[in-house]
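The values are calculated or read from the model by the stated rules, or taken from the named source; none is laboratory data. Not measured: the values here are computed from a predicted model. Neighbour counts are summed over all protein chains in view; Cβ atoms, including those assigned to glycine, are modelled from backbone coordinates with ideal geometry.
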Amino acid sequence: MNVREQLLALNEELRRLKGEGKRSVSVTEESIAELRAAIAGGVAVDSHAADTVPAFPLSVVSGVREEEAPVPVRVAVAPKAIVSTMPAPTPIKLPEGDKLTRWTALRDLVLNDPVCRAKIFPGKKVVFGVGSIDAAVMFVGEAPGGDEEDQGEPFVGRAGQLLNRMIKAMGLDRSQVYIGNILNWRPDMPRNEDGSQTGNRPPSAEEMNYCLPFIRAQIAIIQPKVLVALGKTAVDGLLGADRFKSMGAARGTWHAYADTPLRATYHPSYLLRQEGLTSAAAKKIKRDAWEDILSVMERAALPISEKQRNYFL
């Protein structure tokens with residue numbers, strides 16, 4: 001991984017931490033020196049990048065007293081992706097008919113939507129929801145990543161593999177639930193010379209506003225017993241961006257999307273970052289996520305065994 005890729009990864013991780021409510025991180029003196037050197041050398045720095053990365057008080061743990069550390073430190077680590085002004089979403093008109101007829105019409109509408117198609121890179125695909133149109137449980141994520149835009153299906157990469165394991169632990173198969181995303185294309189980032197994209201970013205408010213009618217229409221067609229919002233972006237899209245300051249504030253209780261019970265839990269990609277970590281905090285995050293799933297199972301009237309109650313992600 002080159003320096004640019006490392007900085008993009010750092011930028012993404014800081015965003016995730018902010019979304020989980022964290023306001024400080026601990027780093028070594030050497031790490032700060034490396035960041036300053038990279039920024040001084042002009043690596044992946046944009047004059048507007050400070051707008052994309054939150055200020056984090058950095059507690060230096062290697063020989064520098066905390067009061068001597070620059071607090072707060074605003075690290076400009078990646079160029080801000082240029083997002084053109086999005087048009088207003090077009091009202092959705094679906095034909096009369098049964099679920100399958102309406103779902104098929106909606107899928108065709110989204111896959112051929114000119115704005116969606118203009119947002120994908122040549123050779124990539126617009127991503128639409130998959131699963132059972134009669135599902136009792138519907139998962140809603142953030143946006144496609146690299147694997148998803150290749151296959152045109154949500155949650156097929158590493159995060160999708162973890163979600164599949166969670167669904168299996170519920171006693172279900174992926175084909176028995178419904179899985180969708182707030183956004184139908186991969187949010188654009190600066191591309192390499194070969195056209196490939198490094199890293200991901202959360203959807204902008206404009207992008208979400210354009211695609212929200214699509215996921216809302218899917219919910220209206222599926223009519224699940226329970227909605228599961230995976231991550232802060234999904235929570236913001238379904239419940240409102242100003243309602244919760246962090247993922248921690250959103251999860252652990254029931255909410256309502258229209259008349260449908262909604263449970264918020266951590267995005268699988270965030271849970272993947274806890275793998276291999278043995279801290280009490282990492283263990284609690286994984287257990288909390290499974291407690292959310294158990295609550296979903298109860299609300300959806302799914303049977304729960306003692307083994308499932310004692311399951312640990």
Self-check item: Candidate set: segment 269-278, residues that are of a type in the set (S, T, N, Q) and under 16 Å from the mean Cα position of the chain (by Cα); chosen: the one surrounded by the fewest Cβ atoms within 10 Å (Cβ to Cβ)
Solution: Q274
Quiz prompt | Residue under evaluation P261, criteria (1) under 26 Å from E148 (Cβ atoms); (2) in contact with a Lys or Arg (Cβ under 6 Å, 6 or more places away or on another chain), criterion not met | solution = (1)
Quiz item: Would segment 243-266 turn up any residue that is closer than 15 Å to M170 by Cβ, assigned by TED's automatic domain parsing to the domain that holds F139, of a type outside the set (K, R) and touching a helix residue (DSSP H, G or I) at 6+ places or on another chain (Cβ under 7 Å)?
Solution: yes
Exercise. Within segment 223-240, identify whether any single residue is under 21 Å from R107 (Cβ atoms) and surrounded by fewer than 21 Cβ atoms within 10 Å (Cβ to Cβ), and answer yes or no.
Key: yes
Quiz item: If we keep just the residues of segment 146-161 that are surrounded by 19 or more Cβ atoms within 10 Å (Cβ to Cβ) and touching a residue at least 60 places away in the same chain (Cβ under 8 Å), which is nearest to Y266 (Cα to Cα)?
Solution: A159
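Which one of these is assigned by TED's automatic domain parsing to the domain that holds T104, charged (D, E, K, R) and out of contact with any Lys or Arg (no Cβ under 9 Å at 6 or more places or on another chain): R165, R174, R201?
On the way: R174 fails: out of contact with any Lys or Arg (no Cβ under 9 Å at 6 or more places or on another chain); R201 fails: out of contact with any Lys or Arg (no Cβ under 9 Å at 6 or more places or on another chain).
The conditions single out R165.
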Quiz item: Of all residues in segment 186-206, which are over 19 Å from L14 (Cβ atoms) and buried (at least 22 other Cβ atoms within 10 Å of the Cβ)?
Solution: R186
Exercise. Identify, by number, the condition in (1) loosely packed, with under 14 Cβ neighbours inside 10 Å; (2) in contact (Cβ under 8 Å) with a residue 40 or more places away in the chain; (3) assigned by TED's automatic domain parsing to the domain that holds P268 that T85 doesn't meet.
Key: (3)
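Scan Y257, Y266 and give me the residue that is touching a strand residue (DSSP E or B) at 6+ places or on another chain (Cβ under 6 Å), among the hydroxyl-bearing types (S, T, Y), closer than 26 Å to A205 by Cα and modelled with pLDDT of 95 or more.
Working: Y266 fails: touching a strand residue (DSSP E or B) at 6+ places or on another chain (Cβ under 6 Å).
The match here is Y257.
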Quiz item: Which one of the conditions (1) in a helix (DSSP H, G or I); (2) surrounded by fewer than 22 Cβ atoms within 10 Å (Cβ to Cβ); (3) at pLDDT 95 or above; (4) of a type in the set (A, V, I, L, M) does A249 fail to meet, given that it meets all the rest?
Solution: (3)
Quiz item: Going by the structure shown, is Y257 without any contact (Cβ under 8 Å) to a residue 40 or more places away in the chain and under 19 Å from the mean Cα position of the chain (by Cα)?
Solution: yes
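So, E142, is that one within 29 Å of L100 (Cβ to Cβ), charged (D, E, K, R), at pLDDT 95 or above and crowded, with 21+ Cβ neighbours inside 10 Å or not?
Working: within 29 Å of L100 (Cβ to Cβ): yes; charged (D, E, K, R): yes; at pLDDT 95 or above: yes; crowded, with 21+ Cβ neighbours inside 10 Å: yes.
So E142 passes the test.
Give me the residue from segment 97-116 that is among the acidic types (D, E) and part of a loop (DSSP other than H, G, I, E, B) and, out of that set, surrounded by the most Cβ atoms within 10 Å (Cβ to Cβ).
Out of the qualifying residues, it is D113.
Out of curiosity, is V127 buried (at least 22 other Cβ atoms within 10 Å of the Cβ) and under 20 Å from A264 (Cα atoms)? Let's see the steps before the verdict.
On the way: buried (at least 22 other Cβ atoms within 10 Å of the Cβ): yes; under 20 Å from A264 (Cα atoms): no.
No: the conditions fail for V127.
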Quiz item: Any chance segment 258-268 includes a residue that's out of contact with any Ser or Thr (no Cβ under 9 Å at 6 or more places or on another chain), within 23 Å of A143 (Cα to Cα), surrounded by 19 or more Cβ atoms within 10 Å (Cβ to Cβ) and among the small types (G, A, S)?
Solution: no
Quiz prompt | Members of segment 156-188 that are over 24 Å from M208 (Cβ atoms) and under 18 Å from the mean Cα position of the chain (by Cα) | solution = Q161, N164, R165, M166, I167
